[in-house]
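Participant: One structure follows; several queries about it will come next.
The values are calculated or read from the model by the stated rules, or taken from the named source; none is laboratory data. Keep in mind the model is a prediction, meaning the values are calculated, not measured. So basically every Cβ, Gly included, is an ideal-geometry build from the backbone, and we count neighbours across all protein chains shown. SASA here: full protein model, heavy atoms, side chains in, ligands and nucleic acids out. Shrake-Rupley method; radii C 1.70, N 1.55, O 1.52, S 1.80 Å.
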Amino acid sequence: MTLEQTIASVRPLCGASMQATRERFSAIAMPIGSLGLLQEAVVQLAGIRRTPRPSIAKRACVVFCADNGVVAQGVTQCGQEVTAAVAENMDKGLSTVCLMAQHIGMTVFPVDIGVARPVCGSRILQKNIRRGTADMTREAAMTRQEAVRAVETGIALAADCVKQGYTLLCGGEMGIGNTTTSAAVTAALTGADARTVTGRGAGLSTEGLARKVHAVETALALHRPDGEDALDVLHKVGGLDIAGLCGLYLGAAACGVPAVLDGVISCAAALLAVRLCPAAADYLLAAHCPAEPAGALLLKALGKQPFLTAGMRLGEGTGAVAGVSLLDLTLAAYDGMPRFDEVGIEAYQPQR
């Protein structure tokens, strides 16, 4: 599907399924609302899947790997060669997200959407749009057409996963320099000051952080991205991994499956997706509050409350995988708990 077709395909959630799920939660033998945000997430899953008994048994994490030209400005602790190295480790199942996902029965699909050098591995999906973005402090990160192609790549991957029977998707990323691009995207979309949304990423020094803030400020001043035009923001100061994630979230919504958000890069991509298609927000679940400064701001802009506040900052989709494990536990209780009338206990009543 094209971007326009995808946006037009997103439907409202099923209210009847959500109401039936709330009624079951009221009937099973536990205090009212005792599972909090996790309980509300199951209600949302029911609305997305259009059934009061949603299943997330077959799930996948799609990890978009891409390089960012802005690393030339000294905004990272390591070089962009690390992107390719980690992508190839994902092919071997040896990255953090792969090990975590294996533990909960989740498939990981690494995707080369913009790595600076060719990466090898039979499990890596070869979807390269270009060999890394340009340095956004000197020119636009990519063309608008490349941005659209990358978004549509994410849409197509979501559709492929659904055709294979996956009923829940997580988005992940790997790209040295992408906390810089996500900070620029966040500032452009929200109007926040660059210093407010820019953090230390993977352990930058104070001097390095100053260079990073300067790079974001320089890119924003040079390109003046239009915060009302998500594609303008994306192509001028974004990344190919962010674009792929944006498309994955739109594609999941169009196909009627939930997508679990990860960290700050994921949330920046989600805000782009929601700016393109506001209805897509209903298909997104926030797993955790990212440690990067932009994290809380992005979640607020998305209207999402995360399950976890654990100071996580790894990326790759690891926070999303952790969130899915909590959904598994919640669904175990939802599906398996007896009703009050089955155990001879008087049901709790709402109090004022």
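Table: residues versus (1) closer than 17 Å to Ile56 by Cβ; (2) buried (at least 17 other Cβ atoms within 10 Å of the Cβ); (3) at pLDDT below 95; (4) aliphatic (A, V, I, L, M).
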site	(1), (2), (3), (4)
Val321	yes, yes, no, yes
Leu326	yes, yes, no, yes
Tyr334	yes, yes, no, no
Gln349	no, no, yes, no
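Participant: Okay, moving on. Please work out which residue is most open to solvent (accessible area, probe 1.4 Å), limiting yourself to segment 160-207 and to residues that are aliphatic (A, V, I, L, M) and over 26 Å from Glu81 (Cα atoms).
Facilitator: Val162
Participant: Follow-up. List the pairs whose first member sits in segment 321-343 and is assigned to a helix (DSSP H, G or I), whose second member is of a type outside the set (A, V, I, L, M), and whose Cβ atoms are under 6 Å apart, counting only residues at least 6 apart or on separate chains?
Facilitator: Going by the 6 Å Cβ cut-off, the qualifying pairs are Gly323/Phe307; Leu326/Phe307.
Here is a yes/no grid of residues against (1) under 30 Å from Gly15 (Cα atoms); (2) touching a residue at least 24 places away in the same chain (Cβ under 8 Å); (3) of a type in the set (S, T, N, Q):
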residue	(1), (2), (3)
Arg49	yes, yes, no
Ile56	yes, yes, no
Ala66	no, yes, no
Ala72	no, yes, no
Thr76	no, yes, yes
Val82	no, yes, no
Gly114	no, yes, no
Gln126	no, no, yes
Arg149	no, no, no
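Participant: A further question on this structure: Anything in segment 51-94 that is among the polar types (S, T, N, Q) and either open to solvent by 10 Å² or more (accessible area, probe 1.4 Å) or touching a strand residue (DSSP E or B) at 6+ places or on another chain (Cβ under 7 Å) (or both)? List them, or say none.
Facilitator: Hits for segment 51-94 are Thr51, Ser55, Gln73, Thr76, Gln77, Gln80, Thr83, Asn89.
Participant: Among the residues of segment 25-43, write down those that are open to solvent by 40 Å² or more (accessible area, probe 1.4 Å) and under 22 Å from the mean Cα position of the chain (by Cα).
Facilitator: Correct list: Leu37, Glu40.
Participant: Same structure again: Filter segment 178-226 down to the residues that are of a type in the set (Lys, Arg) and on the phi < 0 side of the Ramachandran plot and list them by number.
Facilitator: Arg195, Arg200, Arg211, Lys212
Participant: From the list Gly177, Gly191, Gly171, Gly165, which residue is closer than 23 Å to Lys92 by Cα and modelled with pLDDT of 95 or more? Let's see the steps before the verdict.
Facilitator: On the way: Gly177 fails: closer than 23 Å to Lys92 by Cα; Gly191 fails: closer than 23 Å to Lys92 by Cα; Gly165 fails: closer than 23 Å to Lys92 by Cα.
Answer to the selection: Gly171.
Participant: Considering only segment 4-20, state which residues are part of a helix (DSSP H, G or I) and touching a Gly at 6+ places or on another chain (Cβ under 8 Å).
Facilitator: The answer is Thr6, Gly15, Ser17, Met18.
Participant: Does Gly311 satisfy the condition of being out of contact with any strand residue (DSSP E or B) (no Cβ under 8 Å at 6 or more places or on another chain) and at pLDDT below 95?
Facilitator: Yes: the conditions hold for Gly311.
Participant: Please find, within segment 136-158, the residue that is nearest to the chain's Cα centre (by Cα) out of those that are part of a loop (DSSP other than H, G, I, E, B) and surrounded by fewer than 19 Cβ atoms within 10 Å (Cβ to Cβ).
Facilitator: Result: Thr143.
Participant: Quick check: is even one residue across segment 228-243 assigned to a helix (DSSP H, G or I), in contact with an Asp or Glu (Cβ under 6 Å, 6 or more places away or on another chain), in contact (Cβ under 8 Å) with a residue 24 or more places away in the chain and open to solvent by less than 10 Å² (accessible area, probe 1.4 Å)?
Facilitator: Residues of segment 228-243 assigned to a helix (DSSP H, G or I): 230-237, 240-243.
After this cut, where a residue has to be in contact with an Asp or Glu (Cβ under 6 Å, 6 or more places away or on another chain) as well, the list is 232, 241.
Keeping just the survivors that are in contact (Cβ under 8 Å) with a residue 24 or more places away in the chain gives 232, 241.
From what is left, the residues that are open to solvent by less than 10 Å² (accessible area, probe 1.4 Å) are 241.
Checked against the condition, which is being assigned to a helix (DSSP H, G or I), in contact with an Asp or Glu (Cβ under 6 Å, 6 or more places away or on another chain), in contact (Cβ under 8 Å) with a residue 24 or more places away in the chain and open to solvent by less than 10 Å² (accessible area, probe 1.4 Å), segment 228-243 yields at least one hit.
Participant: When you go through Ala210, Ala270, Ala219, Ala254 one by one, which is the residue that is open to solvent by 10 Å² or more (accessible area, probe 1.4 Å), in a helix (DSSP H, G or I) and touching a residue at least 24 places away in the same chain (Cβ under 8 Å)?
Facilitator: It is Ala254.
Participant: For residues that are open to solvent by less than 30 Å² (accessible area, probe 1.4 Å) and among the hydroxyl-bearing types (Ser, Thr, Tyr), scanning just segment 1-19, find the one that is nearest to Ile155 (Cα to Cα).
Facilitator: Checking each candidate, the answer is Thr6.
Participant: What is the residue count in segment 71-111 for residues that are part of a strand (DSSP E or B), of a type in the set (A, V, I, L, M) and within 19 Å of Arg131 (Cβ to Cβ)?
Facilitator: Total meeting the criteria: 1.
Residues are listed down the side, and each one gets a yes or a no for (1) touching a Pro at 6+ places or on another chain (Cβ under 9 Å); (2) within 28 Å of His103 (Cβ to Cβ); (3) not aliphatic (A, V, I, L, M):
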{"position": "Ala27", "(1), (2), (3)": "no, no, no"}
{"position": "Ile32", "(1), (2), (3)": "yes, no, no"}
{"position": "Gly36", "(1), (2), (3)": "no, yes, yes"}
{"position": "Leu45", "(1), (2), (3)": "yes, yes, no"}
{"position": "Arg50", "(1), (2), (3)": "no, no, yes"}
{"position": "Ser55", "(1), (2), (3)": "no, yes, yes"}
{"position": "Cys61", "(1), (2), (3)": "no, yes, yes"}
